[in-house]
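Some notes on the structure that comes next.
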Amino acid sequence: MSASERRAAPRTAVVWDVLDPVLAEPGRPLDVVDIGGGTGGSAVRVAGLGHRVTVVDPSPDALAALARRAREHGVEVEGHQGDLSDLRALVGPDGADVVLCHGVLEVVADPAAALTGIRDVLRPGGHLSLLVTQRHAAVVARAMAGHFAQAAAMLDATEPPVAGSRTGRRFTTAEATALLEAAGFAVAATHGVRVFADLVPGSLLDLEPGAAAALVDLERAVATRAEYLPLATQVHLLAG
């Protein structure tokens, strides 16, 4: 395992633990849409499982990188330039079996409308994988970095920052769940992601034998424990 893979595994293992059974369950190729899928980190992996994957992303540079990555891995991924407002036109009338929406809800103008649009393209019995940045952990991170005013301002902030900011809005688990339910989704599973992964120095994972695997095991152990959920950098919700 390369250094980059060792560092990535604790940050993504919990999400894939949830998604892999969903992608394997039907025993047939699924139509999967990855919104904001960028350079294809998730899309190429899903395509490698034999599914038909479409990435919708506003960046032409990201889509070009996606095409290169897909070629390097010997898979086909369809890329379309656009965003959530274009979703129905890009996905087509038949819709999708699975929609990935990872790190997108933070930056859209209207999260409620975005989820309603996703609901509109999801086939009956389909699944939405929603990954959002969690506010409580962001407050802690700002405070630990000495940015106390920023931490205080973030405590109850539900709107995105001013234009030009590098970060979007943050969600609590309750807020994300309420948005999903208002859009007609039923939440099937909720997991904390990156509870400890962002606190552990990368050099430790590189130098200490077995550290990365042990951290993955720890992330899995706490992912569904409610007392650790506020510490998670991200929250993953599987809904249908």
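Per-residue answers, yes or no, for (1) in contact (Cβ under 8 Å) with a residue 60 or more places away in the chain; (2) of a type in the set (A, V, I, L, M, F, W, C); (3) closer than 23 Å to ALA114 by Cβ:
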| residue | (1), (2), (3) |
| --- | --- |
| THR177 | yes, no, yes |
| LEU180 | yes, yes, yes |
| ALA183 | yes, yes, yes |
| VAL187 | no, yes, yes |
| HIS191 | yes, no, yes |
| PHE196 | yes, yes, no |
| PRO201 | no, no, no |
| LEU204 | no, yes, no |
| PRO209 | no, no, no |
Would you confirm, using the coordinates I've provided, whether LEU100 is in contact (Cβ under 8 Å) with a residue 12 or more places away in the chain and either in a loop (DSSP other than H, G, I, E, B) or surrounded by 21 or more Cβ atoms within 10 Å (Cβ to Cβ) (or both)? yes
With a cut-off of at least 1 residues that are under 19 Å from LEU128 (Cα atoms) and hydroxyl-bearing (Ser, Thr, Tyr), name the helices (runs of 4 or more DSSP H) lying wholly within segment 140-240. 173-182
Consider segment 211-240. How many of its residues are out of contact with any helix residue (DSSP H, G or I) (no Cβ under 6 Å at 6 or more places or on another chain), over 27 Å from LEU115 (Cα atoms) and open to solvent by less than 80 Å² (accessible area, probe 1.4 Å)? 4
Per the filter on segment 121-140, residues closer than 23 Å to PHE196 by Cβ and open to solvent by 50 Å² or more (accessible area, probe 1.4 Å) are HIS136, VAL140
Hydrophobic (A, V, I, L, M, F, W, C) and farther than 17 Å from TRP16 by Cα: is that true of VAL200 in this structure? yes
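The values are calculated or read from the model by the stated rules, or taken from the named source; none is laboratory data. What you see is a predicted model; the values in this text were computed from it and never measured. In this analysis, Cβ positions are derived from the backbone assuming ideal geometry, glycine residues included, and neighbour counts consider all displayed protein chains. Quick note on the areas: whole protein, heavy atoms, side chains included, nothing else; ligands and nucleic acids left out. Shrake-Rupley method; radii C 1.70, N 1.55, O 1.52, S 1.80 Å.
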